[in-house]
């Protein structure tokens, strides 16, 4: 079966420890993820359930931790919860890899779904670049690049 995928690579002037902390700490995550964070803290153990939630209680995404290699790799089973067309597609897979490279860390996000022309992958391809730009900017300068939440993606029918 053909799958859909989105890959984003960025280099961040930080350490693997600081980047891992940013990716796995709800309080830090809220700063660059437009107020959302993974809660409750799944302790980042294989098999743990997780939810992405805004401060008002709205759950945007949920899933399961599939793999954890601290400061190197995090694999999540991921499903959107607030957009019916995306939720209907089921679970996707998000792989985050961290690799030290000459005073920086190469962060690669690979988000895939086992279906062609996935609406979920179409949506994340618009969201991840802004979220990761915020993360990079925050770690390098102390300020996010975008303060406003990105608009809801326009999903093709």
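For this structure, a couple of remarks:
- Test for residue 14: is it at pLDDT 95 or above, closer than 23 Å to residue 145 by Cβ and assigned to a loop (DSSP other than H, G, I, E, B): yes
- The listed residues are 126, 103, and the only one of them that is surrounded by fewer than 17 Cβ atoms within 10 Å (Cβ to Cβ) and either under 16 Å from residue 7 (Cβ atoms) or in contact with a strand residue (DSSP E or B) (Cβ under 7 Å, 6 or more places away or on another chain) (or both) turns out to be 126.
- Look at (1) touching a helix residue (DSSP H, G or I) at 6+ places or on another chain (Cβ under 7 Å); (2) surrounded by fewer than 16 Cβ atoms within 10 Å (Cβ to Cβ) and you find that residue 90 fails only one, number (1).
- Qualifying residue in the stretch 36-47 (condition: closer than 24 Å to residue 146 by Cβ, in contact with a strand residue (DSSP E or B) (Cβ under 7 Å, 6 or more places away or on another chain) and modelled with pLDDT of 95 or more): no
- Pair list, Cβ < 8 Å and 6+ apart or interchain, from the stretch 100-125 residues that are on the phi > 0 side of the Ramachandran plot to residues that are surrounded by fewer than 17 Cβ atoms within 10 Å (Cβ to Cβ): 103/13
- If the condition is being closer than 15 Å to residue 94 by Cα and either surrounded by fewer than 16 Cβ atoms within 10 Å (Cβ to Cβ) or modelled with pLDDT under 95 (or both), then the stretch 61-76 contributes 67, 69, 72, 73.
- Residue satisfying condition, being under 14 Å from the mean Cα position of the chain (by Cα), surrounded by 16 or more Cβ atoms within 10 Å (Cβ to Cβ) and in contact (Cβ under 8 Å) with a residue 40 or more places away in the chain, within set 96, 83: 96
- Single unsatisfied condition, residue 140 versus (1) outside any loop (DSSP other than H, G, I, E, B); (2) modelled with pLDDT under 95; (3) exposed (fewer than 13 other Cβ atoms within 10 Å of the Cβ): (2)
- Looking across the stretch 16-50 at every residue that is touching a helix residue (DSSP H, G or I) at 6+ places or on another chain (Cβ under 9 Å), free of Cβ contacts under 8 Å to residues at least 60 places away in the same chain and over 20 Å from residue 66 (Cβ atoms), the one that is surrounded by the most Cβ atoms within 10 Å (Cβ to Cβ) is identified as 36.
- Of all residues making up the stretch 53-76, the number that are more than 27 Å from residue 100 (Cβ to Cβ) and without any contact (Cβ under 8 Å) to a residue 24 or more places away in the chain: 8
The values are calculated or read from the model by the stated rules, or taken from the named source; none is laboratory data. For clarity, every value in this text was computed on a predicted model and none was experimentally measured. Cβ coordinates were reconstructed from backbone atoms using ideal geometry, including for glycine residues, and neighbour counts include every protein chain displayed.
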